[in-house]
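Asks: What follows is a structure written as structure tokens; I'll ask about it next.
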Amino acid sequence: MAEILFLVHRAPWPPDRGDRIRSWHMFEALAKLAPVHVAALADNAADAALARDKMASLCKSLAIEVRDVSRPVALAQALLHGEPVSNRLFRNLALAHQIDDLLAEGRISHIVAFSGQMAEYLPAGFTGRVIMDFVDVDSAKFATYAEQDGRQPLNWLHRREAKKLAAFESDIARGVDASLFVSEAEAALFRSRSGLGSDKVRAVENGIDTAKFDPALAFDPVAAGEGPLAVFTGQMDYRPNIDAVRWFTEDILPLVRRRHPAARFAIVGRAPTDEVRALEKHAGVRVTGEVPDVRPWLAAADAVVAPLLLARGVQNKLLEAMAMARPVAASAAAATGIDAVAGEHLLVADDAQAMAAAVCTLFDDRNAAAAMGAAARARMIERYGWDARLAPLGQLLGLAA
């Protein structure tokens with residue numbers, strides 16, 4: 001009888017951020033194949049409690065531990081032992097012991113590890129099939145940080161992390177049956193860096209729940225005010241999101257407001273940093289913090305913007321906006337990996353002038369913007385259902401759905 005161990009760097013419930021959205025739907029897909037044991041970490045006790053309440057009855061067994069390593073301690077340990085800092089941040093001895101005890105029972109026939117940080121929990125000598133879902137090429141992200149922060153005093157840390165993670169990722173990928181990435185672009189990048197072929201490195205894309213993200217549903221009104229509204233959604237203590245909203249606020253929004261003086265910009269997402277909060281000093285900018293439901297904000301948007309300077313994989317924020325039939329203006333980095341046609345399903349622009357012009361185009365012609373939103377939703381329905389996206393899991397694991 002097959003039983004699956006699912007290792008997750010953040011407990012999948014609630015699916016309210018990009019990584020947990022993917023891991024939650026992956027958990028649901030795995031549960032259709034065989035009983036699932038979940039071993040996960042949580043960022044804090046509240047997140048752990050929420051996940052336990054939801055998932056305990058859905059799992060064969062459930063182990064969730066709260067991460068207890070601070071970044072300075074993780075950095076010191078990583079430097080001492082020659083490891084990536086990312087691994088040390090997600091190392092938890094209590095969870096490791098629970099995983100070892102579970103494996104010792106001999107019931108686990110398959111392992112799926114979600115996010116590279118969980119690869120350190122993979123057992124040596126395991127004879128069943130092992131799937132590693134890296135999601136993104138994290139080492140490439142840190143390499144980009146190093147390029148962007150070339151003049152910063154601690155730039156060497158990003159260079160070190162990129163090098164250490166790249167070696168670790170390649171070593172893990174050589175030892176598992178398959179490595180997954182969220183887009184073909186990420187998978188191709190990893191193949192080129194690791195030397196592995198398409199038999200070992202696959203793209204399994206994100207999907208979107210188009211029944212949940214449906215503009216025909218009724219939502220309570222938000223964002224009352226005069227002037228057209230641009231909306232950005234995301235986890236607002238995540239550096240690429242911080243850089244994106246700062247760029248839009250300081251360089252793009254002033255250009256938009258030359259044509260639309262009353263234009264507004266809402267930054268919607270949990271855990272905004274002080275740097276993000278400070279953007280409210282700019283005319284027309286609102287920082288909401290965490291909201292119970294992002295859909296009313298998407299429904300209220302005249303344009304959804306994704307001016308990401310750095311983006312890996314597929315951006316869930318774009319899938320959600322497009323499923324809600326909202327017109328989107330995105331950077332090329334944000335749009336990469338999404339199977340959509342620029343100019344038909346969304347607008348793509350890379351510099352401040354072009355991004356401002358794209359947003360103004362959506363504000364100027366509401367009928368054309370609505371038509372683009374409708375085309376985007378049709379594309380999401382056609383291409384991005386979760387069942388279709390995660391169907392390869394059964395084949396990769398050798399388990400029939």
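Asks: Over region 140-241, calculate the relative contact order: mean separation of alpha carbon pairs under 8 Å at least 6 apart, over the residue count, as a percent. Show your work: numbers first, answer last.
Replies: Details: 59 pairs, mean separation 17.5, N = 102.
Computed value for region 140-241: 17 percent relative contact order.
Asks: Output ³J(HN,Hα) for region 253-266: one whole-Hz value per residue in order, computed from phi by the Karplus curve 6.51 cos²θ - 1.76 cosθ + 1.60 with θ = phi - 60°, and x for Gly and Pro.
Replies: Working through the residues one at a time gives 4, x, 5, 5, 6, 5, 8, 10, x, 9, 4, 10, 9, 10 Hz.
Asks: If you look for lysine pairs in the chain that are eight or more places apart or on different chains, how many of them have Cα atoms under 17 Å apart? Kindly include the intermediate steps, with their values, before the conclusion.
Replies: Values: LYS32/LYS60; LYS141/LYS163; LYS141/LYS164; LYS212/LYS317.
Value for the chain: 4.
Asks: Continuing with the same structure: Roughly how many Å² is the accessible area per residue of region 188-288, as a whole number, for a 1.4 Å probe?
Replies: Numbers: 4700 Å² over 101 residues.
The answer is 47 Å² per residue.
Asks: Separate question: Going 7 Å from the Cα of GLN77 along its beta-carbon direction, which residues of region 157-181 have the amide nitrogen within less than 17 Å of the resulting point?
Replies: 165
Asks: Turning to a different aspect of this structure: Counting only protein heavy atoms and a 1.4 Å probe, tell me what percentage of the chain's accessible area is made up of carbon and sulfur.
Replies: 51 percent
Asks: While we're looking at this one, here's another question. Suppose every K and R has +1 on its Cβ and every D and E has -1 on its Cβ; what is the size of the dipole of the chain about the Cα centre, in Debye to the nearest 20?
Replies: Numbers: 45 positive and 50 negative charges, 58 e Å.
About 280 debye.
Asks: Among LEU93, LEU41, PHE142, pick out the residue whose Cα is farthest towards the positive end of the charge dipole of region 1-160, where Lys and Arg carry +1 and Asp and Glu carry -1 on C-beta, about the Cα centre.
Replies: PHE142
Asks: Please state the shape class of region 143-183: rounded when a/c is under 1.5, otherwise prolate if a/b exceeds b/c and oblate if not, all from the C-alpha gyration tensor. Write out the running numbers ahead of the final one.
Replies: Working: a/c = 6.17, a/b = 2.32, b/c = 2.66.
It is oblate, given that a/c is not under 1.5 and a/b is not larger than b/c.
Asks: Please work out how much length the chain gains when fully extended from PHE126 to ASP350, using 0.36 nm per residue of separation minus the C-alpha to C-alpha distance, in nm with one decimal.
Replies: Values: separation 224, 0.36 × 224 = 80.64 nm, distance 4.63 nm.
Length gained between PHE126 and ASP350: 76.0 nm.
Asks: Sort 132-138, 57-63 for me by packing, meaning the mean count of neighbouring Cβ atoms within 10 Å per residue, highest on top. Mind dumping the intermediate values first?
Replies: Working: 132-138: 24.4, 57-63: 15.9.
In decreasing order of mean packing, 132-138, 57-63 become 132-138, 57-63.
Asks: Follow-up. Between VAL291, GLY337, VAL314, whose Cα lies farthest towards the positive end of the dipole of region 284-345 when Lys and Arg beta carbons carry +1 and Asp and Glu beta carbons carry -1, centred on the Cα centre?
Replies: Of the candidates, VAL291 comes out farthest on the positive side.
Asks: Taking the solvent-accessible surface of protein heavy atoms with a 1.4 Å probe, what is the per residue accessible area of region 1-46 in Å²? All intermediate terms of the calculation are to be shown ahead of the outcome.
Replies: Values: 1330 Å² over 46 residues.
Dividing the accessible area of region 1-46 by its residue count gives 29 Å².
Asks: Summing -39500 (n - 2.57) over the DSSP H runs of n ≥ 4 in the chain and dividing by its residue number, what mean residue ellipticity at 222 nm do you reach, to the nearest 500 deg cm²/dmol?
Replies: Values: 18 runs with 176 residues, N = 401.
That comes out to -13000 deg cm²/dmol.
Asks: So if I take the centroid of the Cα atoms in region 203-267 and the same for region 337-353, what is the distance between those two points in Å?
Replies: Each part reduced to its Cα centre gives a spacing of 15 Å.
Asks: Using only the alpha carbons of region 1-159, what is the convex hull's orientation-averaged projected area in square nanometres?
Replies: Details: hull surface 40.3 nm².
With every direction weighted equally, the projected area is 10.1 nm².
Asks: Same structure, new question: Per residue of region 105-115, what does 6.51 cos²θ - 1.76 cosθ + 1.60 with θ = phi - 60° give for ³J(HN,Hα)? Whole Hz please, x for Gly and Pro, Karplus curve as stated.
Replies: 6, x, 8, 6, 9, 9, 10, 10, 10, 10, 5
Asks: Something else about it: Where does the charge balance sit around MET372 when Lys and Arg score +1, Asp and Glu -1, over other residues with C-beta under 11 Å from its C-beta? The partial results should precede the final answer.
Replies: On the way: positive: ARG326, ARG366, ARG377, ARG379; negative: GLU344, ASP365.
For residues surrounding MET372, the net value is +2.
The values are calculated or read from the model by the stated rules, or taken from the named source; none is laboratory data. Just so it is clear, the model here is predicted, and its values are computed rather than measured. So basically every Cβ, Gly included, is an ideal-geometry build from the backbone, and we count neighbours across all protein chains shown. Remember, those area values only see protein heavy atoms, side chains included, never the ligands or the DNA or RNA. Shrake-Rupley method; radii C 1.70, N 1.55, O 1.52, S 1.80 Å.
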